[in-house]
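The values are calculated or read from the model by the stated rules, or taken from the named source; none is laboratory data. Just so we're clear, the structure is a prediction, and the values are computed from it rather than from any experiment. Because the Cβ atoms are built from the backbone with ideal geometry, glycine has one as well, and the counts that use them run over all protein chains shown.
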Amino acid sequence: MAKIPIKKIVSLVLEQISQEALNQLFPPDKDVYIDNPLKYPELFETVQNEVPQTPEEPRGIERTLEPEVEPELAMVAEARDFEYDKDILPEPMRIPAEDLTKGARSAGIPRIVCEDPATNELVEGVVISDIVLTTPSGKKVLVFYNYGLEQKIDRNKKKANYVVLADNRFMMDKPRGKGWGKEIPRNVQQTLSVAPEGESEEEKTQRLRRLQHIREGNAKRYALFPLINKMFSEHGLLDKLDISLVPETWATPPRTEHTQNVISLKKFGGNSAEIDADFYAVRDLDDVEGAIDEVMELRADLAMGDVEDDRERDVSKSVPRRHANYIYQNGNWFAKQRVHDEDFFKREGGKTPVYALLSKNIQEGNKGVSIESHLDVKGSVEGDQYVLKSVFSSELNMRNPETGAGEVIGQLFDPVVTGLRKPLVDDEGNPIDPNQFTLENNTTFFVNEGRTVQGSKTGFMPDFFNDTANKIKESIDPDEVLTRMVQLVQSIADQDQEQNA
């Protein structure tokens, strides 16, 4: 019988105790709110046998935290002789406050109000941040700045709060096995699909909502978003749109509805066979004449071959609150608001007093024209086939000379409609049950490479977006678009003359 050194036995016992204590404080499957990391020294205790990060491995992007955060963590770092890792996520994480679990040593979950970096607006009830700290215990902690601790949020006071993230938030990290004192389920969806013993109705609601968020997020991440963005990365399509003054509709969170919305109006194929998603973009112009002059210069450069593939160009903008729905008192905002005149801007309050934001997204009366593009993507089961459809359209918004308010004055071209069908069968040719069919569960039906993040994708959905790109290039005639734009602008001028006659 092999002998086990007493030091190893003690080490294993201590490790088991520390892991159990950590799991009790921060369940691996829950996001836990804490108000102060100093109340949880377990976060800063190194788990024994933890494989250290070697200098050769890429570390997180360093970013200096704001003063509210640094002193607290600096004290811990000094006491524990530990320099915490800071990572900046490629996209801010958004966690509904109602999905959080209260930390055992925190008084409670306060009112949470965070600034959305996409719109510079304060959003209530959602944790928003891209700062993640990795502690010696292996836990990842999201640092967010909470404006909701003051009764009046316009006092511009904020305090750093924290969320100890569920272990399965970052599945690219290797999950720890039983040998580490805990086991993280590799199939998060399967785990969330099973109701734990003694689950309350509130816990059930939170579990199912989280499951829906994960499924919708995966449908975006592995299919819709990368394919749409690849389509608009093609230089031929971008050149055609640019010389037509039509903005491209990138697939990014600010341009469509967030999956974390409490009430979701859009469907991305994660929870059902249906896809009903749309993406918006806008391009603002001082006036049509100056914009057309710039376009003609670009056309000449393209014709002479003087423009390189990596030419600098103005990327289209998102329309803040375009999918706000129930979240804000004023509901959705529209591109036509961006061209309200200066008096209209002042009547709406001008810039907000504390954050100097543009009220209702009005561009201070400096823009006279805006062009909004809309990409609508739908998918559904029709009989024994799955059908994908898209509609790409663009409309001109212009200021009414009489009222000073922006108005939609017409479409710049006939909407470009694309469709593609595929028999509802699996890879072996067996019929798929339409009642159990989703993009998330049947990813290879849509994309041959399945749930991967690689750039080159083939299959049903990539073919569909390739067809969409080709149809847009074939259907949009830049000369006709600019002629139509001038006609629409002239019609507004003629109406103004008639009213003043």
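The strands (runs of 3 or more DSSP E) falling completely within segment 97-156 include none with 1 or more residues that are outside the structural domain of residue 24 (by TED's automatic domain parsing), at pLDDT below 85 and among the aliphatic types (A, V, I, L, M). Can you work out which of the residues in segment 373-414 that are closer than 30 Å to residue 273 by Cβ and in contact with a Lys or Arg (Cβ under 7 Å, 6 or more places away or on another chain) is surrounded by the fewest Cβ atoms within 10 Å (Cβ to Cβ)? Of everything passing the filter in segment 373-414, 385 is surrounded by the fewest Cβ atoms within 10 Å (Cβ to Cβ). Take the conditions surrounded by 14 or more Cβ atoms within 10 Å (Cβ to Cβ) and assigned to a strand (DSSP E or B) and apply them to residue 367. Does it pass? Judged against the criteria, residue 367 is not a match. Answer yes or no as to whether residue 164 is crowded, with 21+ Cβ neighbours inside 10 Å, of a type in the set (A, V, I, L, M), within 17 Å of residue 93 (Cα to Cα) and modelled with pLDDT of 85 or more. Taking the combined requirement at face value, the residue satisfies it. Across segment 469-501, the qualifying residues are those that are surrounded by 15 or more Cβ atoms within 10 Å (Cβ to Cβ) and under 19 Å from residue 397 (Cβ atoms), and the one among them that is modelled with the highest pLDDT is 476. The residues listed here are 278, 242, 284, 293; of these, the one that is under 27 Å from residue 370 (Cα atoms), touching a His at 6+ places or on another chain (Cβ under 8 Å) and among the charged types (D, E, K, R) is 278. Among the residues of segment 223-261, those identified as aliphatic (A, V, I, L, M) and farther than 19 Å from residue 378 by Cβ are 237, 238, 241, 243, 245, 246.
Inspect segment 244-253 for any residue being in a helix (DSSP H, G or I), surrounded by fewer than 20 Cβ atoms within 10 Å (Cβ to Cβ) and within 28 Å of the chain's Cα centre (by Cα) and give the result as yes or no.
Yes: segment 244-253 contains one or more residues that are in a helix (DSSP H, G or I), surrounded by fewer than 20 Cβ atoms within 10 Å (Cβ to Cβ) and within 28 Å of the chain's Cα centre (by Cα).
Going by the conditions given, is residue 332 part of a loop (DSSP other than H, G, I, E, B) and either closer than 30 Å to residue 158 by Cβ or hydroxyl-bearing (Ser, Thr, Tyr) (or both)? Criteria met by residue 332.
Tell me, please, whether a residue that is touching a residue at least 12 places away in the same chain (Cβ under 8 Å), surrounded by fewer than 21 Cβ atoms within 10 Å (Cβ to Cβ), within 16 Å of the chain's Cα centre (by Cα) and under 29 Å from residue 363 (Cβ atoms) can be found in segment 278-299. There is at least one residue in segment 278-299 that is touching a residue at least 12 places away in the same chain (Cβ under 8 Å), surrounded by fewer than 21 Cβ atoms within 10 Å (Cβ to Cβ), within 16 Å of the chain's Cα centre (by Cα) and under 29 Å from residue 363 (Cβ atoms).
Among the residues of segment 173-223, write down those that are in a helix (DSSP H, G or I) and at pLDDT below 80.
The answer is 178, 179, 180, 188, 189, 190, 191, 192, 193.
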